[in-house]
Every structure is written in C-alpha cells, then in structure tokens.
C-alpha cells in the first residue's frame, strides 16, 4: 500500500463538506472527500432506495463530478491522526490506508442527543433523526403507529418522512414550552426561507397532535405493542400505545476527529475564526461540527472553509453566514432542554447501552473516569458517544480527549498492514458498485 | 468524460426505483431488496427480531441509524462487527446476526 497525498482533505460529505469541496474545486488543487456513509449527502441530504431528489444536493454532486481534481473515499472513516498532516483511514470491508494532506476541512456533522429513559433499549425505540435515517435507508414503517418525541424542528421533518412512507404519526411530543414554540414561530418571520420550509409541514400539523411541554417518561413492550408513558411539565401522565417510538433531543456536534487532531473545542462545537480555521493552522471546520445551526449555516460555513482552505477570497461568503447564525440562535433559545430532562431518570434505567450499566451504578461517581473504572460505562463499542453526552448533561462530566483509534477499528488497520494490496485507495469513489468484488 | 459522469450519476445521484432488485441472504433467508437499501433495513424487512443481544442478553435493534450507537452490529460476508446502518445491500451479500 502506498500512502496517498492530497492538497485538501475534506472529512464529511454532508451539506458543509460538499459545499466546501465545490468552493475549493476551482482552485485546481487535489481534493479528497472522505465520508463514512456509502452515499454522499450526510444526514439531512441522505440518499436511499425511496428518497426524493434534493435539488441542492444533486446540483452539487453533478457539479463536483465535472472536476477532475476531486476524489472520493466513501464508506470510509477516519480512525486516527498519528502526526501533523496525517490521517489513518479505514473502510470497514477493506483495509486501512494513510492520507497526507496540506489543509483539512472538518465537516463531521452532528449526531442526536439521545437521553436515557426507562425502556429506551426496547426494540421499536429509536432516535428521532435515527428513525428518519432508517426509513430513508429502506426500513419499512408502512401502516405502523409511531410516536415522535424529543425536541427541535427535526421532529416535524421526521414525522413528515414517516408519513410519506405510510406510517401513522400518533403524536409529536415536544419538550419545550408552548410559549417558546410561539416565540420560535414568530421569530421565523425574519427567515422567509425557513417559513416556507415550515409551511410544508402544515398538512402534517393539521392532522397530528403536536404537544408542547411533554416528554417520553417510559416505554415498555406489551403484546407486540409499545406502551408509552408521557409526562408534562406539571407532572400529568398519559399512556399511549404504538408500534414505534422515536426520541431525540436535538443535535450535538461530532467532535472526535477534531479532538484527535488537537483542535480546541467546546461542547457546542469546534472553535473557529471568521475564516472557519480551527486552533490549528491549516485545519478548518464547517457545518454542524463547528456549532449546530442548521443546513443554511452549514452551507455558508462550508463555502467559507472551502474558499479559505484553497486560498481564495471569503468576503462575500461571510455575509451568508451572518443570517444563518441568527436563525441558529433563535433555534437554541427556543428548544433549550427543560429541567425535567436535565436530571437522570430512575436508578434502574440503563445508562450505557453498550455495557448495560444502570444510572444507579454511575450516579455516585465523581468524574467520568471514575464512573468508567467502576462500572465500565462508556467503555463499550460506542466509546461513550451516547452516554458521554448524557453524563455531561446530568453531572457535568468532561470526557477528555479520545485516544486513537477514535472509533472501533480492525486490528489490521492499526497495524497498518502495508504489504497488503490496496484494493481501493484513491479510487474509492467507486465503492458504491464494486463492493461485490471485494468478497474475494 | 461522459462515461465517467454517467457512472457517477448512476452511483451517487437519485437511485432509480426501476432498477432490478438485489438478492441478499439474511440469517439464511433469501430476501429481495431495492438497490441502496441498507443492511439495517434488510434486517427489518426480513423481520429479524434483533441485531445483537446485549451484555445481559437483552435484544437490541438499530437505534441511532447513523453509525454512532453500534447496536446494529452484524456479520456481513463473514466479517463480524459491521454496522448494519452504514452498509448498503450488495448482490449475494450474506448477513447474519448473533441470533442465527
């Protein structure tokens, strides 16, 4: 295997990554787009067997296809950075290889804040955005009763997708107050584009109960149905039944790659300057990983990062980001987590899904490290990606810097099996069709 | 250039629903799925009860849908610990869960 050299590496092929690539492409520099997913688009522009076309995404992909200086490494994740300018990448069905870059754009996106509640490990319970991703990937929900809960505008989008695929959305439960929801709606007036987007949810809202001040307290399985106990802010309980429950409390930035590279971060995102450059010269960050702000902010910051990383002028791109930041602030104010969700659930609730560790087993610990050593929480396959966020919320525990590898990786990848033939290397962009070849 | 563009369009842009179905094997059962279906979806379509059983033996199914939670780990073509939500079904793919 030979190491690959590139001028600009872009980590993530969501709206920010694709836009950064497109902004940098005219510079003629060699660009490598690295993406975990098999198909580009990230989460919001996810492609699947039945998903509708997204003009903004498809236009970008078509334009990128015309640049000979763009290369793709799809289905590929970063597992370590062992020295400056170096990335160790792994394609799980293949092997690992090394990339050396001059500049790097982190567009690693976000994941859902998934908080434990009694019964959240029951089959049929998923994340909210999680359910949307599964449906887009072809998971059937036809004729199923679904309850969507948690917080944020994403819940409406999830309900919309579920309905398009034949599900009956029994209720959308939003934890924030109705007053905050009203203020959010009023605030949308300053963002006509968003208002237009919201309008497409009107038929959904006309026929589906959208309940503020409410969260899912517990779920249990009974006769192949899920029994859902909801709670309101004033303590009222209601019992609903359904086939699926999807719960997500908004988005949190994916910081592991940035932490592994040594970039300064806060729990809200990677710290960047006006040109989207991180604390490390030559490493830029754009989109949700640099602060949750929605697709428009991802597009704006992606463009700035792409221009800056390739040494182009960013002045006009800065204006676009300003408006998008205003919307982000409105969203954060409106969907702040209520007090009931900031305290841990009952002691016998599973806290760490990987290792089946309960709340009671970790609640007496003083630090994250202490909790890990005594209970194994956060030491399973997900490496605390789920329970770590909950621990920060409940006990303000800091997770520190992840050690390499930053995710589960094969031993061969870590040994950098240099003698093995490189089956895909730079031509990874074809990973979508020739996977069958790799069975040999 | 045109061939290149065409290959890209068929690979990455809107999958056409008219394309032939792909046959995969899930715990021995042969299943026909639409192109671009994820392995996680194939598990659901095959009505597999769970993707893995937890440390205490509790059934788990795909949860986060985007490669974070690791609940959907299955074996694909003999390779263990593959994330079902991150992999697309490919012709002749052999998928198996612990339950098999």
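Table for the structure above
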| quantity | calculated |
| --- | --- |
| Subset tally (residues that are farther than 20 Å from residue A:39 by Cα and at the interface with chain A (Cβ under 7 Å from one of its Cβ atoms)) for segment B:73-91 | 3 |
| Members of segment B:64-100 that are in contact with a helix residue (DSSP H, G or I) (Cβ under 6 Å, 6 or more places away or on another chain) and either under 16 Å from residue A:135 (Cα atoms) or without any contact (Cβ under 8 Å) to a residue 24 or more places away in the chain (or both) | B:64, B:65, B:66, B:72, B:77, B:84, B:85, B:87, B:89 |
| Test: residue in segment B:77-88 that is modelled with pLDDT of 95 or more, over 12 Å from the mean Cα position of the chain (by Cα) and assigned to a loop (DSSP other than H, G, I, E, B) | no |
| Among the residues listed as A:74, A:81, the single one being touching a helix residue (DSSP H, G or I) at 6+ places or on another chain (Cβ under 8 Å) and within 19 Å of residue A:24 (Cβ to Cβ) | A:74 |
| Residue check for residue B:70: part of a loop (DSSP other than H, G, I, E, B), at the interface with another protein chain (Cβ under 7 Å from one of its Cβ atoms) and in contact with a strand residue (DSSP E or B) (Cβ under 8 Å, 6 or more places away or on another chain) | yes |
| Residue within segment B:35-55 that is at pLDDT 95 or above, more than 10 Å from chain A (Cβ to nearest Cβ) and not in a loop (DSSP other than H, G, I, E, B) present | no |
| Boolean, residue A:193 is at pLDDT 95 or above, within 14 Å of residue A:330 (Cβ to Cβ) and in contact with a helix residue (DSSP H, G or I) (Cβ under 9 Å, 6 or more places away or on another chain) | no |
| Which numbered condition residue A:101 fails, given (1) in a loop (DSSP other than H, G, I, E, B); (2) more than 28 Å from residue A:203 (Cβ to Cβ) | (1) |
| Count of residues meeting criterion [within 11 Å of chain B (Cβ to nearest Cβ), farther than 25 Å from residue A:21 by Cβ and under 21 Å from the mean Cα position of the chain (by Cα)] in segment A:114-150 | 14 |
| Any chance residue A:25 is outside any loop (DSSP other than H, G, I, E, B), away from chain B (no Cβ under 11 Å), touching a residue at least 24 places away in the same chain (Cβ under 8 Å) and touching a strand residue (DSSP E or B) at 6+ places or on another chain (Cβ under 9 Å) | yes |
| Among residues of segment A:118-135, those that are surrounded by fewer than 24 Cβ atoms within 10 Å (Cβ to Cβ) and out of contact with any strand residue (DSSP E or B) (no Cβ under 6 Å at 6 or more places or on another chain), counted | 1 |
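A quick yes/no check of all residues on (1) without any contact (Cβ under 8 Å) to a residue 12 or more places away in the chain; (2) in a loop (DSSP other than H, G, I, E, B); (3) closer than 26 Å to residue A:131 by Cβ:
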{"position": "A:7", "(1), (2), (3)": "no, no, no"}
{"position": "A:10", "(1), (2), (3)": "no, no, no"}
{"position": "A:19", "(1), (2), (3)": "no, no, no"}
{"position": "A:37", "(1), (2), (3)": "no, yes, yes"}
{"position": "A:43", "(1), (2), (3)": "no, yes, yes"}
{"position": "A:53", "(1), (2), (3)": "yes, yes, yes"}
{"position": "A:75", "(1), (2), (3)": "no, yes, yes"}
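The values are calculated or read from the model by the stated rules, or taken from the named source; none is laboratory data. This one's a predicted model, so the numbers in the text were calculated from it and none came from an experiment. When we count neighbours, we look across all protein chains shown, and the Cβ atoms used for this are built from the backbone with ideal geometry, even at glycine.
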